[in-house]
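J.: The structure under discussion is supplied below as C-alpha coordinates; questions concerning it will follow.
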Amino acid sequence: MLEYRQVCLRYPEGDRDAVAGFSLSVPEGSVRALLGPNGSGKSTLLLAALGWMRPRAGEVLLAGRPVSAWSPGERARKAAHLSQIERVSFTYEVLEFVLMGRAPHLAPLAEPDEGDEERARAALDALGIGDFARRHVTALSGGELQLVRLARCLVQEAPLVLLDEPTAALDPANALRVADALASLAREGRTVVFSTHDAALAAYASDSVVLIREGRLLASGPSAEILTPELLSRTFAVPFGVSGAPSPFVTGSSIRAAGGGRGSGSWPR
(Lines give C-alpha, C1' and ligand atoms only; values in the text may rest on other atoms or scores of the structure.)
Protein backbone atom coordinates (compact mmCIF):
# COMPACT_ATOMS: atom_id res chain seq x y z
CA MET A 1 0.00 0.00 0.00
CA LEU A 2 2.82 2.42 0.88
CA GLU A 3 6.52 2.17 0.14
CA TYR A 4 9.50 4.44 0.72
CA ARG A 5 12.58 3.70 -1.41
CA GLN A 6 15.80 5.34 -0.22
CA VAL A 7 13.90 8.59 0.37
CA CYS A 8 15.69 11.83 1.21
CA LEU A 9 13.55 14.82 2.18
CA ARG A 10 14.69 18.38 2.85
CA TYR A 11 12.69 21.53 3.60
CA PRO A 12 13.43 24.54 1.34
CA GLU A 13 14.91 26.50 4.24
CA GLY A 14 16.84 23.52 5.64
CA ASP A 15 20.60 23.00 5.40
CA ARG A 16 20.37 19.22 5.86
CA ASP A 17 17.95 16.41 5.10
CA ALA A 18 15.03 16.00 7.48
CA VAL A 19 14.86 12.38 6.29
CA ALA A 20 17.88 10.57 4.82
CA GLY A 21 18.01 7.24 2.96
CA PHE A 22 14.73 6.00 4.41
CA SER A 23 13.28 2.74 3.09
CA LEU A 24 10.13 1.05 4.37
CA SER A 25 7.34 -1.12 2.95
CA VAL A 26 3.89 -0.98 4.57
CA PRO A 27 1.69 -3.89 3.44
CA GLU A 28 -2.03 -3.56 2.89
CA GLY A 29 -4.18 -4.08 5.98
CA SER A 30 -1.36 -3.48 8.47
CA VAL A 31 -1.01 -0.93 11.27
CA ARG A 32 2.47 0.62 11.43
CA ALA A 33 3.66 2.97 14.19
CA LEU A 34 6.40 5.52 13.51
CA LEU A 35 8.02 6.03 16.90
CA GLY A 36 10.66 8.62 17.65
CA PRO A 37 11.49 11.90 19.38
CA ASN A 38 10.46 15.37 18.27
CA GLY A 39 12.14 16.42 15.06
CA SER A 40 12.99 12.88 13.98
CA GLY A 41 11.16 13.14 10.64
CA LYS A 42 7.90 11.31 11.42
CA SER A 43 5.57 14.10 10.23
CA THR A 44 7.79 14.72 7.20
CA LEU A 45 7.41 11.10 6.12
CA LEU A 46 3.62 11.38 6.32
CA LEU A 47 3.67 14.55 4.22
CA ALA A 48 5.70 12.74 1.56
CA ALA A 49 3.16 9.89 1.51
CA LEU A 50 0.46 12.46 0.73
CA GLY A 51 2.47 14.01 -2.10
CA TRP A 52 2.71 17.29 -0.19
CA MET A 53 6.50 17.06 -0.03
CA ARG A 54 8.62 15.72 -2.88
CA PRO A 55 11.73 13.67 -2.19
CA ARG A 56 15.11 15.17 -3.02
CA ALA A 57 16.16 11.62 -3.82
CA GLY A 58 14.42 8.25 -3.90
CA GLU A 59 10.68 7.79 -4.35
CA VAL A 60 7.46 7.17 -2.47
CA LEU A 61 4.97 4.68 -3.91
CA LEU A 62 1.26 4.65 -3.12
CA ALA A 63 -0.56 1.46 -4.18
CA GLY A 64 2.40 0.61 -6.40
CA ARG A 65 2.58 3.95 -8.25
CA PRO A 66 4.71 7.00 -7.47
CA VAL A 67 2.72 9.41 -5.33
CA SER A 68 3.44 12.14 -7.89
CA ALA A 69 1.59 10.10 -10.54
CA TRP A 70 -1.72 10.38 -8.68
CA SER A 71 -3.89 13.48 -9.16
CA PRO A 72 -4.88 15.40 -5.99
CA GLY A 73 -8.39 13.96 -6.21
CA GLU A 74 -7.07 10.42 -6.59
CA ARG A 75 -4.73 10.88 -3.64
CA ALA A 76 -7.63 12.15 -1.51
CA ARG A 77 -9.58 8.98 -2.28
CA LYS A 78 -6.54 6.81 -1.55
CA ALA A 79 -5.23 8.42 1.65
CA ALA A 80 -6.84 10.21 4.60
CA HIS A 81 -4.70 12.39 6.85
CA LEU A 82 -4.94 13.62 10.42
CA SER A 83 -2.47 16.46 11.01
CA GLN A 84 -1.02 17.33 14.41
CA ILE A 85 -2.53 20.82 14.47
CA GLU A 86 -5.56 22.35 12.80
CA ARG A 87 -7.04 25.78 13.40
CA VAL A 88 -10.81 25.96 12.92
CA SER A 89 -12.06 29.49 12.33
CA PHE A 90 -15.69 28.89 11.35
CA THR A 91 -18.50 27.73 13.63
CA TYR A 92 -19.45 24.58 11.74
CA GLU A 93 -21.67 22.09 13.44
CA VAL A 94 -19.78 18.88 14.14
CA LEU A 95 -21.84 16.89 11.63
CA GLU A 96 -21.09 19.46 8.90
CA PHE A 97 -17.41 19.36 9.76
CA VAL A 98 -17.22 15.55 9.60
CA LEU A 99 -19.12 15.54 6.29
CA MET A 100 -16.20 17.43 4.74
CA GLY A 101 -14.44 14.07 4.71
CA ARG A 102 -16.87 12.98 2.00
CA ALA A 103 -15.66 15.69 -0.41
CA PRO A 104 -13.34 13.40 -2.45
CA HIS A 105 -16.35 11.21 -3.30
CA LEU A 106 -18.66 14.04 -4.44
CA ALA A 107 -18.99 15.61 -7.87
CA PRO A 108 -17.98 19.30 -8.13
CA LEU A 109 -20.54 21.54 -6.36
CA ALA A 110 -22.55 18.49 -5.22
CA GLU A 111 -23.85 18.36 -1.67
CA PRO A 112 -23.64 15.35 0.66
CA ASP A 113 -26.69 13.13 0.51
CA GLU A 114 -28.48 11.03 3.09
CA GLY A 115 -26.01 8.18 2.67
CA ASP A 116 -23.09 10.52 3.36
CA GLU A 117 -24.82 11.77 6.51
CA GLU A 118 -25.36 8.19 7.69
CA ARG A 119 -21.63 7.52 7.22
CA ALA A 120 -20.75 10.66 9.19
CA ARG A 121 -23.05 9.71 12.07
CA ALA A 122 -21.62 6.18 12.09
CA ALA A 123 -18.07 7.59 12.33
CA LEU A 124 -19.06 9.76 15.29
CA ASP A 125 -20.76 6.81 16.97
CA ALA A 126 -17.68 4.63 16.45
CA LEU A 127 -15.67 7.11 18.51
CA GLY A 128 -18.36 7.45 21.18
CA ILE A 129 -19.23 11.05 20.28
CA GLY A 130 -22.53 10.63 18.45
CA ASP A 131 -24.12 13.22 20.73
CA PHE A 132 -21.66 15.85 19.42
CA ALA A 133 -23.44 16.09 16.04
CA ARG A 134 -25.18 19.42 16.65
CA ARG A 135 -22.48 21.03 18.74
CA HIS A 136 -20.23 23.66 17.21
CA VAL A 137 -16.59 22.78 16.60
CA THR A 138 -15.38 26.11 18.00
CA ALA A 139 -17.00 25.23 21.35
CA LEU A 140 -15.15 21.92 21.72
CA SER A 141 -12.14 21.26 23.92
CA GLY A 142 -8.88 20.34 22.23
CA GLY A 143 -9.39 16.65 22.98
CA GLU A 144 -12.99 16.69 21.76
CA LEU A 145 -11.95 18.37 18.53
CA GLN A 146 -9.27 15.71 18.02
CA LEU A 147 -11.94 13.00 18.12
CA VAL A 148 -14.12 14.93 15.67
CA ARG A 149 -11.17 15.36 13.29
CA LEU A 150 -10.53 11.63 13.47
CA ALA A 151 -14.19 10.99 12.61
CA ARG A 152 -13.70 13.16 9.51
CA CYS A 153 -10.77 10.89 8.53
CA LEU A 154 -12.85 7.75 9.05
CA VAL A 155 -15.72 8.99 6.88
CA GLN A 156 -13.30 9.64 4.02
CA GLU A 157 -13.18 5.84 3.62
CA ALA A 158 -9.67 5.90 2.14
CA PRO A 159 -7.78 2.58 2.09
CA LEU A 160 -4.73 4.29 3.66
CA VAL A 161 -5.06 6.34 6.85
CA LEU A 162 -2.12 8.52 7.96
CA LEU A 163 -2.28 9.97 11.46
CA ASP A 164 0.17 12.39 13.04
CA GLU A 165 0.13 12.03 16.84
CA PRO A 166 -3.53 10.84 16.91
CA THR A 167 -3.81 10.69 20.71
CA ALA A 168 -2.32 14.15 21.34
CA ALA A 169 -4.41 16.13 23.87
CA LEU A 170 -6.59 13.12 24.70
CA ASP A 171 -7.30 11.80 28.19
CA PRO A 172 -6.60 8.09 28.82
CA ALA A 173 -10.17 6.93 28.09
CA ASN A 174 -10.34 8.72 24.76
CA ALA A 175 -6.79 7.75 23.85
CA LEU A 176 -7.81 4.11 24.32
CA ARG A 177 -10.91 4.73 22.19
CA VAL A 178 -8.71 6.05 19.37
CA ALA A 179 -6.30 3.12 19.70
CA ASP A 180 -9.21 0.69 19.38
CA ALA A 181 -10.48 2.60 16.32
CA LEU A 182 -7.09 2.07 14.64
CA ALA A 183 -7.34 -1.67 15.22
CA SER A 184 -10.90 -1.62 13.84
CA LEU A 185 -9.68 0.05 10.64
CA ALA A 186 -7.19 -2.77 10.12
CA ARG A 187 -9.95 -5.36 10.60
CA GLU A 188 -11.83 -3.59 7.80
CA GLY A 189 -8.80 -4.08 5.56
CA ARG A 190 -7.51 -0.53 5.69
CA THR A 191 -3.84 0.32 6.16
CA VAL A 192 -2.87 2.63 9.02
CA VAL A 193 0.39 4.50 9.61
CA PHE A 194 0.58 6.73 12.68
CA SER A 195 3.33 8.72 14.34
CA THR A 196 3.73 8.84 18.09
CA HIS A 197 6.13 9.34 21.00
CA ASP A 198 4.24 6.77 23.04
CA ALA A 199 5.74 3.27 23.14
CA ALA A 200 2.69 1.93 25.00
CA LEU A 201 0.35 3.17 22.24
CA ALA A 202 2.66 1.69 19.60
CA ALA A 203 2.66 -1.67 21.39
CA TYR A 204 -1.11 -1.71 21.83
CA ALA A 205 -2.36 -0.39 18.49
CA SER A 206 0.19 -1.50 15.87
CA ASP A 207 1.34 -4.83 14.50
CA SER A 208 4.82 -3.46 13.86
CA VAL A 209 6.92 -0.49 14.92
CA VAL A 210 9.45 1.69 13.11
CA LEU A 211 12.02 3.47 15.29
CA ILE A 212 13.27 6.76 13.81
CA ARG A 213 15.93 9.17 15.00
CA GLU A 214 17.32 12.21 13.14
CA GLY A 215 15.60 11.21 9.93
CA ARG A 216 17.00 7.70 9.82
CA LEU A 217 15.41 4.33 10.41
CA LEU A 218 16.99 2.62 13.42
CA ALA A 219 14.92 -0.55 13.55
CA SER A 220 11.66 -1.99 12.22
CA GLY A 221 9.70 -5.09 13.11
CA PRO A 222 7.09 -6.61 15.46
CA SER A 223 6.57 -4.54 18.59
CA ALA A 224 7.68 -7.37 20.90
CA GLU A 225 11.07 -7.39 19.18
CA ILE A 226 11.48 -3.64 18.71
CA LEU A 227 10.13 -2.12 21.93
CA THR A 228 13.03 -3.11 24.13
CA PRO A 229 14.72 -0.84 26.67
CA GLU A 230 17.94 -0.97 24.65
CA LEU A 231 16.41 0.11 21.32
CA LEU A 232 14.19 2.73 22.94
CA SER A 233 17.20 4.17 24.76
CA ARG A 234 19.01 4.52 21.43
CA THR A 235 15.96 6.14 19.85
CA PHE A 236 15.17 8.71 22.55
CA ALA A 237 18.68 9.16 23.98
CA VAL A 238 17.52 8.55 27.55
CA PRO A 239 17.75 5.31 29.56
CA PHE A 240 14.63 3.13 29.60
CA GLY A 241 13.70 0.36 32.01
CA VAL A 242 10.75 -1.90 32.86
CA SER A 243 8.25 -1.10 35.60
CA GLY A 244 4.62 -1.52 36.57
CA ALA A 245 3.74 2.09 35.77
CA PRO A 246 0.04 2.44 34.79
CA SER A 247 -0.99 2.87 31.15
CA PRO A 248 -4.38 2.91 29.39
CA PHE A 249 -2.91 0.69 26.70
CA VAL A 250 -1.12 -2.09 28.59
CA THR A 251 -1.49 -3.95 31.86
CA GLY A 252 1.21 -5.33 34.12
CA SER A 253 4.81 -4.38 33.47
CA SER A 254 5.52 -1.68 30.91
CA ILE A 255 8.58 0.01 29.50
CA ARG A 256 9.32 3.43 30.93
CA ALA A 257 12.01 6.05 30.85
CA ALA A 258 14.35 5.64 33.79
CA GLY A 259 14.37 8.44 36.32
CA GLY A 260 10.75 8.56 37.41
CA GLY A 261 8.65 9.87 34.53
CA ARG A 262 4.93 10.35 35.30
CA GLY A 263 2.02 8.38 33.85
CA SER A 264 2.36 5.37 31.57
CA GLY A 265 6.14 5.61 31.40
CA SER A 266 6.07 5.32 27.65
CA TRP A 267 8.17 8.41 27.21
CA PRO A 268 9.93 10.92 29.49
CA ARG A 269 7.60 13.78 30.44
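The values are calculated or read from the model by the stated rules, or taken from the named source; none is laboratory data. Please read these numbers as outputs of a predicted model, since none were measured by experiment. No Cβ is skipped: glycine too gets one built from the backbone with ideal geometry, and neighbour counts run over all protein chains shown.
J.: If only one of R10, R16 is over 21 Å from S206 (Cβ atoms), among the basic types (K, R) and without any contact (Cβ under 8 Å) to a residue 24 or more places away in the chain, which one is it? Don't jump to the end; show me each part of the working.
T.: Numbers: R10 fails: without any contact (Cβ under 8 Å) to a residue 24 or more places away in the chain.
So the residue among R10, R16 that is over 21 Å from S206 (Cβ atoms), among the basic types (K, R) and without any contact (Cβ under 8 Å) to a residue 24 or more places away in the chain is R16.
J.: Let me ask another. I need the full set of residues from the range 117-132 which are among the acidic types (D, E) and within 24 Å of the chain's Cα centre (by Cα), in order please. Explain how you work it out, then say what you get.
T.: Narrowing the range 117-132 to residues among the acidic types (D, E): 117-118, 125, 131.
If the condition is that a residue be among the acidic types (D, E) and within 24 Å of the chain's Cα centre (by Cα), then D125 is the only one that fits.
J.: Residues in the range 67-83 that are farther than 21 Å from E144 by Cβ and outside any loop (DSSP other than H, G, I, E, B): how many? Reasoning before the result, please.
T.: Quick first cut of the range 67-83, residues farther than 21 Å from E144 by Cβ only: 67-79.
From what's left, outside any loop (DSSP other than H, G, I, E, B): 67-69, 72-79.
So the count comes out to 11.
J.: Given the criteria at pLDDT 95 or above, closer than 27 Å to T196 by Cβ and touching a Ser or Thr at 6+ places or on another chain (Cβ under 8 Å), does L61 qualify? Walk me through it before giving the result.
T.: Working: at pLDDT 95 or above: yes; closer than 27 Å to T196 by Cβ: yes; touching a Ser or Thr at 6+ places or on another chain (Cβ under 8 Å): no.
No, not satisfied.
J.: Working only within the range 169-206, note down all residues that are polar (S, T, N, Q) and under 23 Å from V238 (Cβ atoms).
T.: Filtering the range 169-206 for residues polar (S, T, N, Q) gives 174, 184, 191, 195-196, 206.
Answer for the range 169-206, where residues must be polar (S, T, N, Q) and under 23 Å from V238 (Cβ atoms): S195, T196, S206.
J.: Here is a follow-up. Could you pull out the residue among F97, F90 that is surrounded by 18 or more Cβ atoms within 10 Å (Cβ to Cβ), under 29 Å from R119 (Cβ atoms) and either over 16 Å from the mean Cα position of the chain (by Cα) or of a type in the set (D, E) (or both)?
T.: Working: F90 fails: surrounded by 18 or more Cβ atoms within 10 Å (Cβ to Cβ).
When all the criteria are applied, what remains is F97.
J.: Now, a different point. Somewhere in the range 221-230, is a residue touching a strand residue (DSSP E or B) at 6+ places or on another chain (Cβ under 7 Å), crowded, with 21+ Cβ neighbours inside 10 Å and more than 20 Å from L176 (Cα to Cα)? Give the steps one after another, and end with the answer.
T.: So the first thing to find is which residues in the range 221-230 are touching a strand residue (DSSP E or B) at 6+ places or on another chain (Cβ under 7 Å), and the list is 221-223, 226-227, 229.
Pick out the ones that are also crowded, with 21+ Cβ neighbours inside 10 Å and you get 226-227.
With more than 20 Å from L176 (Cα to Cα) added as a condition, the list becomes 226.
The answer is yes, given that some residue of the range 221-230 is touching a strand residue (DSSP E or B) at 6+ places or on another chain (Cβ under 7 Å), crowded, with 21+ Cβ neighbours inside 10 Å and more than 20 Å from L176 (Cα to Cα).
J.: Still on this structure: Being loosely packed, with under 13 Cβ neighbours inside 10 Å and among the small types (G, A, S) is the requirement here; does G128 meet it? So that I can check it myself, show each step before the final result.
T.: Details: loosely packed, with under 13 Cβ neighbours inside 10 Å: no; among the small types (G, A, S): yes.
Answer is no for this residue.
J.: Checking the conditions here, which among L145, L140 is under 28 Å from V26 (Cβ atoms), out of contact with any His (no Cβ under 7 Å at 6 or more places or on another chain) and either of a type in the set (A, V, I, L, M) or surrounded by fewer than 23 Cβ atoms within 10 Å (Cβ to Cβ) (or both)?
T.: Working: L140 fails: under 28 Å from V26 (Cβ atoms).
It is L145.
J.: Anything in the range 35-83 that is more than 16 Å from Y11 (Cα to Cα), surrounded by fewer than 20 Cβ atoms within 10 Å (Cβ to Cβ), in contact (Cβ under 8 Å) with a residue 12 or more places away in the chain and aliphatic (A, V, I, L, M)? List them, or say none.
T.: Result: L61, A63, A76.
J.: Is there any pair with a first residue in the range 113-136 that is in contact (Cβ under 8 Å) with a residue 40 or more places away in the chain and a second that is assigned to a loop (DSSP other than H, G, I, E, B) whose Cβ atoms are under 6 Å apart and which are 6 or more apart or on different chains, and what are they?
T.: H136/T91
J.: If you check E86 against the conditions, is it among the acidic types (D, E), assigned to a loop (DSSP other than H, G, I, E, B) and touching a residue at least 60 places away in the same chain (Cβ under 8 Å)?
T.: Details: among the acidic types (D, E): yes; assigned to a loop (DSSP other than H, G, I, E, B): yes; touching a residue at least 60 places away in the same chain (Cβ under 8 Å): yes.
Considered against the rule, which asks whether it is among the acidic types (D, E), assigned to a loop (DSSP other than H, G, I, E, B) and touching a residue at least 60 places away in the same chain (Cβ under 8 Å), E86 comes out as yes.
J.: Taking the range 7-57 only, how many residues are in a loop (DSSP other than H, G, I, E, B) and of a type outside the set (K, R)?
T.: First, pick out the residues of the range 7-57 that are in a loop (DSSP other than H, G, I, E, B): 10-18, 27-30, 36-41, 50-56.
The next check asks that each one be of a type outside the set (K, R); those that pass are 11-15, 17-18, 27-30, 36-41, 50-53, 55.
Final tally of qualifying residues: 22.
J.: Do you know which of the residues in the range 5-33 that are touching a helix residue (DSSP H, G or I) at 6+ places or on another chain (Cβ under 6 Å) and under 20 Å from H197 (Cα atoms) is surrounded by the fewest Cβ atoms within 10 Å (Cβ to Cβ)?
T.: A18
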